[in-house]
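To start, the structure under review is shown below, and the notes come after it.
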Amino acid sequence: MDGLLLWPAYAVAFSEHFPELANRIVPVGAIEHVFPPELSADRVESDDQHGVDMLVKHLAELGHRRLACLSTREITAQTWAVRRRECFEQASKAQPGVTCKSWRLNRDGDNGVQVARDLLTSPFKPTAVFGVSDHEARLIYQAADELAVRVPEDVSVVGFGNLDFAATLSPGLTTLDRKPAVMGRLLGELLIARLSHPEQTASTVQVDVEMITRGSTGPAVEYSEA
């Protein structure tokens, strides 16, 4: 094997092989992951801060002032989740009058719907929720359906990823398109370049994201004309 491309966003077993890869000096590149210091590796990631800034601005313009974030397990293998949650919290703080609170799944990631229920029924009463990926956003849909909470009339929902099911949710999910084909191509180019010049410093390339607005966002309840 001359090189290895990783997409560890949802994998966890790969992390135990980091020391072996470093010792073998196998060129490694990854999408959406921050490696441990002992492994020098190229990576390609989405511009999370810019994308989340767009989502928060969109929600603020709709009158939302109580924002919630539903994050995933945030284990060591999922550095992307921590980054997106932190970006959302920072973007919320930058908006006048906006308050943000975050919820997380347990380490096994098997209590998603329950956490989504807790979020929607909390005294905080968020009027909009950000899922760090479209999977977490879908959990909000599930919990909202069980609680007879309407999307977006009672709560707006936004996600991250523009995954294949995002447009088919009812209503369609407002989310960020990560441009995965572009990310994969760029990582391949970085790895090929490293094979020719193994001494070069590891690179990090950010890919801009695009906000896809669908029916899951609407005016905040307390600001609606109704």
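Assorted remarks:
- Some residue of region 25-42 being surrounded by 15 or more Cβ atoms within 10 Å (Cβ to Cβ) and either without any contact (Cβ under 8 Å) to a residue 24 or more places away in the chain or in a helix (DSSP H, G or I) (or both): yes
- Restricting attention to region 36-75, the residues that are under 15 Å from the mean Cα position of the chain (by Cα) and either closer than 30 Å to residue 201 by Cα or modelled with pLDDT of 95 or more (or both) add up to 19.
- Any chance residue 191 is touching a residue at least 60 places away in the same chain (Cβ under 8 Å) and either among the small types (Gly, Ala, Ser) or open to solvent by 10 Å² or more (accessible area, probe 1.4 Å) (or both): yes
- Restricting the first member to region 164-185 and to residues that are on the phi > 0 side of the Ramachandran plot, and the second to residues that are among the charged types (D, E, K, R), the beta-carbon pairs closer than 9 Å and six or more apart or on different chains are 179/208; 179/210.
- The residue that is nearest to residue 88 (Cα to Cα), counting only those in region 153-168 that are assigned to a loop (DSSP other than H, G, I, E, B) and open to solvent by 30 Å² or more (accessible area, probe 1.4 Å), is 162.
- Residue check for residue 132: touching a residue at least 12 places away in the same chain (Cβ under 8 Å) and either more than 18 Å from residue 56 (Cβ to Cβ) or among the small types (Gly, Ala, Ser) (or both): no
- Region 87-112 residues that are among the basic types (Lys, Arg), paired with ones that are surrounded by 14 or more Cβ atoms within 10 Å (Cβ to Cβ) (beta carbon under 6 Å, 6 or more apart): 101/68; 101/124; 104/71; 104/74; 107/73
The values are calculated or read from the model by the stated rules, or taken from the named source; none is laboratory data. A quick note: this is a predicted structure, and the numbers were derived from the prediction, not measured. Every residue, glycine among them, receives a Cβ derived from its backbone with ideal geometry; neighbour counts consider all protein chains shown. Quick note on the areas: whole protein, heavy atoms, side chains included, nothing else; ligands and nucleic acids left out. Shrake-Rupley method; radii C 1.70, N 1.55, O 1.52, S 1.80 Å.
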